[in-house]
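This report concerns only the one structure given below.
Read the figures in this text as sums done on the coordinates, not as results from a lab. Just so we're clear, the structure is a prediction, and the values are computed from it rather than from any experiment. We place every Cβ from the backbone using ideal geometry, glycine too, and count neighbours over all the protein chains shown.
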Amino acid sequence: MGNEVSSCCQGRSVTKVASNERSASSTRGIAARGNAATAVYPAQRPPRDDRVGIGAYFMRCPNDSTKVEVRSMLSGGPSDASGLIHPGDRLVMVDGHAVESMAGLVDQLLGPEGSKVVCTFHKKGEAHKPFDVELMRGTRAA
């Protein structure tokens, strides 16, 4: 079993590693959740509970690993509630700054709950038609 990285803009970015793959140096930062067979580690830094995202999961584009697209959305989250964002849409900018990597995306999207962020997307298959969506971080539809 290899390392699996999941990046969600709800403030969680974790790497799951099978317990038999842990080395002595990687045991720092084990989170309390998980089961006996799985340990949860911060992917890059300890989680900051004061930052939240837009309720969308992203992945590298299958045909171009330098680009990022929407994998799925949390039901009722800001991205889903907008009605404008769909799986397969490519995220190209956050607050006017180009999205250049998955690693940087977490820091670009996360922020204080209730703060606004403007995301620029290209619809799946329509790279020539960018559109902006202003989202409020961490809010859920009623």
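Summing +1 for each Lys or Arg and -1 for each Asp or Glu among the other residues whose beta-carbon sits under 12 angstrom from that of residue 129 gives 0. Each of the peptides 87-97, 126-136 was scored by the mean count of other Cβ atoms within 10 Å over its residues; in descending order, highest first, they stand as 87-97, 126-136.
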